[in-house]
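Any read-out appearing in this document is the output of simple, stated calculations on the displayed coordinates, not a laboratory observation. From a predicted model like this one, the values you see are computed outputs, not experimental measurements. A quick note on method: Cβ atoms are made from the backbone with ideal geometry, for glycine too, and the neighbour counts reach across all protein chains shown.
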Ligand code: ADP
């Protein structure tokens, strides 16, 4: 008979391989801050792209008037309008509509796509005269914030060429074309010259902008959803090769931190395998350890190895466990949320996703532990990324020194980190691990000055608020 390893022994070793002690987190934060600086100084040459957004202002809360946002980032297209009432009125009213994009449009011509988007926008604008919204003349300009969550080579605040379509879109004749111009000309051809795309942004920027509207201490926007990314407020003079057109001294940088990697990251056999079998091996490693698209798959790979080497699910390896992505992050988070002594929910998910109907409590405990290890690692690494950004913008005083000496900096400015995405919003244990790690890294004094905050739906409202801020700023 084959010598099998004890599952708990395997688990102990795996936990060690995934460990993220505070020293490792601090090194990771420092490496992130250093790479950010290098990315800024060497545009496009480093792992962190540090993309300029060309924004010269963010919402102040004083904006007034009627503004629009359009959001293209997946299989639905969303249009939204907000009526802003200034400092006291704030968001007086908002309305949105979502339309599914027909499959033939997602894989058709660029003209068909932008005509479809323009038609949806014009139809939505035509229903503007409802209670609570300002009645604009037909020929008055409507400013639109455009959230576009695909890789784009941005060259101005309202100009950017699509690099590649992802997420099921395949419109080859538009690669390399300016998405704003295409939308703008489709609108013009349909007789709507008065709808004007004021800015092109991604979801992290929308998240930051929405939070900033309510709280001027917001300096960082983070997405923890299918993938992960962050942006932050940078000094304009820290960005070489660009100067603001106004007297603005700030801008926003899109870090594209999913592509971060450092050799001290706890990278295991499961990460190696996932990366090798992915569509983009050797890229987006940080995202592959954190993103909702991947964490469940990492858990599956660990359980598969345990099934093979420790007989975790009996003498046979369950067939379903060999299928990539048979276990998803929502499964993982549901199992991880099971605090019942018998772990019945864990048992039910194992039956559903892995196809093993009867499991012992000991097996269920092992599966729960694997979820815990992967969630804790992902959450703590996200915290290290955020602290890296805070370090870059000096929002944690001399963090590394103070952490070493135990001295505090009571002068530190208040900083808000705006976060959106299902991992932060719905995966409670992930969020708790992340926030605990931030406290651990920053210490009590700093932790008092840094707040993380859910900035829900920033990719919609945030873009409209940015359009408003830009029109107010002029
Ligand atoms: P986006 O695709 O815009 O990032 P979300 O922020 O909703 O959208 O993130 C979706 C991702 O979050 C999916 O990968 C999914 O696996 C994961 N997810 C959704 N619900 C949960 C949940 N309750 N717990 C953990 N992960 C979840």
(request) Mind ranking 80-89, 224-233 by how tightly packed they are, going by the mean number of other C-beta atoms within 10 angstrom, highest first? (result) 224-233, 80-89
(request) Report, as a whole number in µm² per second, the diffusion coefficient that Stokes-Einstein gives for the chain at 4 °C and 1.567 mPa s using the Kirkwood radius over alpha carbon pairs. (result) 55 µm²/s
(request) Note down the nm distance, to one decimal, between modelled labels 7 Å out along Cα→Cβ at residue 138 and at residue 96. (result) 3.0 nm
(request) For the range 241-285, just the Cα set please: Rg and Dmax, both in angstrom. (result) 17.2, 51
(request) Would you mind ranking 457, 436, 203 so that the residue whose beta carbon has the fewest other beta carbons within 10 Å leads the list? (result) 436, 457, 203
(message) How far apart, in nanometres, would the label points at residue 243 and residue 9 be if each is projected 7 angstrom from Cα along the Cα-to-Cβ direction?
(response) 6.8 nm
(message) Would you work out the Kirkwood radius for the range 1-145? I mean one over the mean of 1/r across all pairs of different Cα atoms, in Å.
(response) 20.8 Å
(request) Determine the principal axes of the Cα atoms in the range 165-239, then give the extent along each, sorted from largest to smallest and rounded to whole angstroms. (result) 42, 31, 26
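Counting DSSP beta bridges in the chain, what percent are antiparallel, to the nearest 5? Mind dumping the intermediate values first?
Details: 35 of 57 bridges.
In the chain, approximately 60 percent of DSSP beta bridges are antiparallel ones.
Which order do peptides 346-356, 189-199 fall in by mean Cβ count within 10 Å, highest first?
Packing proxy ranking, top to bottom: 346-356, 189-199.
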(request) On a C-alpha basis, how far is the centre of the range 448-474 from the centre of the range 97-131 in Å? Whole number, if you could? (result) 24 Å
(request) Taking the chain as the reference, fit the longest principal axis to its C-alpha atoms, fit the long axis of helix 428-447 to the helix C-alpha atoms, and give the angle between the two in degrees, 0 to 90, nearest 10. (result) 80 degrees
(message) What do you get for the angle between helix 361-392 and the principal long axis of the chain? Use alpha-carbon atoms, 0 to 90 degrees, nearest ten.
(response) 40 degrees
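Any idea what diffusion coefficient the range 239-368 gets from Stokes-Einstein, in µm²/s, Kirkwood Rh on alpha carbon pairs, 37 °C, 0.692 mPa s?
Numbers: Rh = 17.0 Å.
The diffusion coefficient I find is 194 µm²/s.
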(request) Normalise the Debye intensity by I(0) for the range 214-289, one equal point scatterer per Cα, no solvent, then take log10 at q = 0.14, 0.26 Å⁻¹ and round to two decimals. (result) -0.62, -1.19
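Which order do peptides 275-285, 111-121 fall in by mean Cβ count within 10 Å, highest first? All intermediate terms of the calculation are to be shown ahead of the outcome.
Details: 275-285: 14.3, 111-121: 19.9.
With the highest mean Cβ count within 10 Å placed first, the list reads 111-121, 275-285.
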(message) For the pair residue 280/residue 188, report the inter-label distance in nm, with labels modelled 7 Å from Cα in the Cβ direction.
(response) 3.3 nm
(request) Measure out, as a whole number of angstrom, how far apart the alpha-carbon centroids of the range 49-92 and the range 145-183 sit. (result) 19 Å
